[in-house]
Structure formats: C-alpha cells, structure tokens
Amino acid sequence: YQRRVRDTDQPVQTSPPTSAHPRRSQGGLERASSSLSTRMETVCVTGATGMTAALIVKQLLEAGYTVRGTVRDLSNRRRLAPLLDLQPAGRLSLHECDLKTIHQSPHEFADALQGCTGLIHTATPLYIPLTGDKWASSEATGGGLSEPLSAEDAQTLQIDPAVHGTRRLLELAAAAGVDTVVLTSSNATMSGLEKFDSAREGCLMSVLDETDVERCCELRQWYRVAKTIQERVAREMCAAAGIKFACINPDAIWGAAITPHLNLSHAVLLEFMDGTRTQIPNSYIGGVDARDVALAHLAVYQKLRAGEELSGRYLMTFGFCHFRDLAAFLREEYPWAKVPEESEPDSVLGYRMVPPDADCTPVEQELGIKIRPMDQILRATVAALLEHGHLCRE
C-alpha cells in the first residue's frame, strides 16, 4: 500500500494502489481517453521535494491547480516541511515513489497519476564528479564522487532511472489519461559537443544543439548521456501517444530556495565562501535562478494546455562567467566570506576553454520570461545558504 499525505491538516494515511496498465499500439503508446471538464486540473510533479520542483508545486498551487507530488521518502519530515507549509487546503497530496523501483512497483506512480491531466517530470538522479566535501553531502544529488562512475554503475545509477524510469512513467501517464507533459531537462542535452568543450573562440549554444552521446560515453560524461537520451525518448513517446510535450533546459540552478537541503549548485558556491575551496578553478560556469525555471514550467504547461504552438525546447542560463569573476564578486559583496584568491591550473568545473554564448530568446519571446542576471542570482543564492544554515557569517 502506498502512503500518502493529503494535506497539511491530515497525518500520513494509507490507500490501496490504483492499477493502471498502458495500452500499446503500433506507434508505441495509446493514450487513455479523457475529457476536459470545467473542474480545476490536477498536475503530477515528480521529485517534489527538489529545489526547483518545490517551487513548481508552489506556483501550481498559487495558480489554483491540484497537485500530486511524488517523493522518495514520506518519513523525511524535514524535506516535506516546505511543501506542507504551503497550506494547500487539500489540493496537495504526496506519494512515495522512486524511479529506481518503478518497474517493480509501478502502482505507486499509477496511483499518483490517476486523474491527472498533466505531468511535470523533474526527478532524475545526479552523479557528477566534483572536488570538495560540501557538495558530496548534498541531499539533492546522487552522492559525492572523486571520479566519474564506471560504465556499469552509470547504467544502473544514472542512465536506467533517467531513461527506462522515464519510459515506464510515460507509459503509466498515457494509461492514466495525461495529455500534457513538461520535462525538466538540462542544458547538458546541448552542451556535450566538442565545439563547446574545446573551443578557443566564442560559439553559440542554442536549442538546435544536441549532445553527442557517443562522444560523452567515451568521456564518461554520464549525466549528459542520461539526460540527452531521456529527453529524446520522452519527446518520441509523447509524439507517438498524441501527448503535448515540451522541455525546459536549465543550466546550473541557483537562486532562491524554499527547501532546506543543499543542492549541487548551491554546494559549489558554498565552497567558495566557507574556506573549503582554496583555489579558483580556471574555467567558466553558467546558471539560472530556480524561480525563473519554475515559472517557465508553469508557463509552458499552461500554453500547451491552451493549444498554443510552441518550439518546445527552452535553454535557460544567464550566460557564462569565469570563476575568477565569480570569486571577485563574492569577495566584494561579502568581505567576511573566505573566498579563495589563488588560481588552480586545471579544473573539472564548468567550461575549460572559451565559453559559448547562449541563445535563450525563446524563453523571453514565447514564455515572456526575462532571465535574472548573475548578480541577482548570486545574492539570492547566498541569502538561501544563510537562511537554511549552510553558511554562517563570521
């Protein structure tokens, strides 16, 4: 039986799973019939306790939607608290589901999806090798790595949940009558090209780029591999099933957070301020505010539901800056922080050569969203680190 939290006033309850099995056609999936009623829609959000997902849930509730959120552990009240604090008045239910076990326990996701018109899929394991110990303890990542995963571990931990888990999830969504899907993808589905990794002069990154999966396999860049195949599979499956589909492709997600746990991008910045990192990487990094990413998900969902024609892929980043410029900004804005001054000769962080320009015009032109600039994002990130006790001002 699947445990559920129905709203802020009710304790964890149990309810029997709802059986749902997708019907198959020669084209792949056959979407269960559903009619659009005048009642308010229900949207399922996977990975609801994630930094961005929690903001998506918040915006959906504020817009009047009923939300079904999937989480990996309903007993972790600390992670659930920001969602329960939203006071959804019965319009939020949380379901214990895990992409890693979706094939063994499909009824968990089937129950969450039953009666939903939309699915916003944010949940994906994240395994990226970085130095330092703060990000390694981040609750929002797959765990700390000193080097890339082996091919075998990458298949089990990173690729299978992202690709095969998503495939099964979309089968269940089609069977439940979901007709609109928004995927939280990544600019990793665009950035895994030789022209970006070794460029010695500027080039343009846009939604027309697609990561070279074979090359990334050779380089053991498994997150790029997983997200690229995931996005491709999701797009093809939704097209075959007649499901409206679009994806959001953010760079590193920084900025404001209602969730107390440390995410990867915040952990990277934290190490620049608390003395953990003693050298400045000789590379570049980009990013985007979680509030803008969440708003993009809502805007895309509403436009798809309204039948608007969209390009369907949205790169989001403020651009790219060298880590020495990031360090200089932090040093000036927060003189009490322990920002490193010495540069390191090489780095596994960010772009090692000349960073690309980024074409994010579809976000502004189609969605009406102006991406926040770097300085605003960094200030919001530091405020979140202080608010949630990850960083102490000395």
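The values are calculated or read from the model by the stated rules, or taken from the named source; none is laboratory data. Since this is a predicted model, take the numbers as computed values, not measurements. All Cβ positions, even for glycine, are placed from backbone atoms using ideal geometry, and neighbour counts span all protein chains on display. Quick note on the areas: whole protein, heavy atoms, side chains included, nothing else; ligands and nucleic acids left out. Shrake-Rupley method; radii C 1.70, N 1.55, O 1.52, S 1.80 Å.
Just to confirm a number: summing +1 for Lys and Arg and -1 for Asp and Glu over residues other than Ile253 whose beta-carbon lies under 11 angstrom from that of Ile253, what do you get? Write out the running numbers ahead of the final one.
Values: positive: Arg291; negative: Asp251, Asp289, Asp292.
Charge balance near Ile253 sits at -2.
A cut-off of 5 Å between modelled amide H atoms, ignoring neighbours fewer than 5 places along the same chain, links Glu41 with Thr66.
Taking 19 Å as the straight-line reach from the Cα of Lys303, the lysines in range (excluding those fewer than 8 positions away in the same chain) are Lys58, Lys244, Lys370. May I ask for the net charge around Lys244, where only other residues with Cβ less than 9 Å from the Cβ of Lys244 are counted and Lys, Arg are +1 while Asp, Glu are -1? Residues close to Lys244 contribute a combined charge of 0.
Each residue of region 214-230 was assigned a 3J(HN,Hα) from its phi angle through the Karplus expression (A = 6.51, B = -1.76, C = 1.60, θ = phi - 60°), giving 4, 5, 5, 5, 4, 8, 6, 9, 6, 5, 4, 4, 4, 5, 5, 5, 4 Hz with x at Gly and Pro. Applied to region 76-84, the Karplus parametrisation 6.51 cos²θ - 1.76 cosθ + 1.60 on θ = phi - 60° returns per-residue 3J(HN,Hα) values of 7, 5, 5, 6, 7, 3, x, 6, 5 Hz, with x for Gly and Pro. Would you please state the base-10 log of I(q)/I(0) at q = 0.14, 0.16, 0.24 1/Å for region 238-341, with intensities from the Debye formula using one equal scatterer on every alpha carbon? Values returned for q = 0.14, 0.16, 0.24 Å⁻¹ are -0.67, -0.79, -1.30.
Residues whose amide H falls under 5 Å from that of Leu126, counting only those 5 or more places apart or on a different chain, are Gly142, with hydrogens built in the peptide plane. Distance between the pseudo-spin-label points of Glu236 and Asp375 (7 Å out from Cα toward the beta carbon): 4.7 nm.
Net charge of the neighbourhood of Tyr334, taken over other residues with C-beta under 10 Å away and scored Lys/Arg +1, Asp/Glu -1, is +2.
The label-point distance for Glu62 and Met40, in a model that sets each label 7 Å from Cα toward Cβ, rounds to 1.5 nm. Got a sec? Which residues in region 80-103 would a label at Ser150 touch, if it sits 7 Å along Cα→Cβ and we count backbone N under 16 Å? What the label zone holds, given the 16 Å backbone N cut-off, is no residue at all. For Asp357, list long-range residues whose amide hydrogen, built 1.01 Å from N in the peptide plane, is under 5 Å from its own amide hydrogen. Here the answer is Cys203, Leu204, Met205, since their amide H atoms fall under 5 Å of that of Asp357.
List the trypsin sites (Lys or Arg not before Pro) in region 170-234 that DSSP assigns to loop (not H, G, I, E or B) and whose Cβ has at most 11 other Cβ atoms within 10 Å. Which are they? Working shown, then result.
Details: sites: Lys195, Arg200, Arg215, Arg220, Arg224, Lys227, Arg232; in loops: Arg200, Arg220.
Here the trypsin sites (Lys or Arg not before Pro) that fit, given the DSSP loop and packing criteria, are Arg200.
Values of log10 I(q)/I(0) for region 170-244 across q = 0.22, 0.23 Å⁻¹ run -0.94, -0.99, by the Debye formula with one identical scatterer at each alpha carbon and no solvent.
Rounded to the nearest Hz, the phi-derived 3J(HN,Hα) couplings of region 286-301 under the Karplus curve 6.51 cos²θ - 1.76 cosθ + 1.60 (θ = phi - 60°) are x, x, 7, 7, 4, 5, 5, 5, 4, 4, 5, 4, 5, 4, 5, 4, where x marks glycine and proline.
The order of Glu341, Glu108, Glu309 by accessible area, most exposed first and with a 1.4 Å probe, is Glu309, Glu341, Glu108.
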